[in-house]
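Everything on this sheet refers to the single structure shown next.
The values are calculated or read from the model by the stated rules, or taken from the named source; none is laboratory data. Worth saying up front: this structure is predicted, and the values here are computed from it rather than measured. Using ideal geometry, Cβ is built from the backbone for each residue, glycine included, and neighbour counts are taken over all protein chains shown.
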Amino acid sequence: MRWHGSATKNFHHHLVGDLTLTYEGLELTAEPGLSFLIYTAEPGSPSQERLDLLAGWGR
């Protein structure tokens, strides 16, 4: 069985606040029971700005 789905999830980060991210999930056929999730923010959204701020702190 191959699973693929997408949805939106809300998070709260203690430094930058609320984030609304869309995710895509895919089951890995080579490793049964494992899945791969990719989270993204809408370009130009407050969530994208907050992710950019977090990324800048890691430099």
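Some observations on this one:
- In the condition set (1) surrounded by 11 or more Cβ atoms within 10 Å (Cβ to Cβ); (2) on the phi > 0 side of the Ramachandran plot, GLY33 is compliant with all but (1).
- In region 1-42, the residues that are among the aliphatic types (A, V, I, L, M), assigned to a strand (DSSP E or B) and either under 19 Å from ALA55 (Cβ atoms) or under 11 Å from the mean Cα position of the chain (by Cα) (or both): ALA7, LEU19, LEU21, LEU37, ILE38
- Pairs where the first residue, in region 32-54, is basic (Lys, Arg) and the second is modelled with pLDDT of 95 or more and not in a loop (DSSP other than H, G, I, E, B), C-beta under 7 Å, 6+ apart: ARG50/GLY17; ARG50/LEU19
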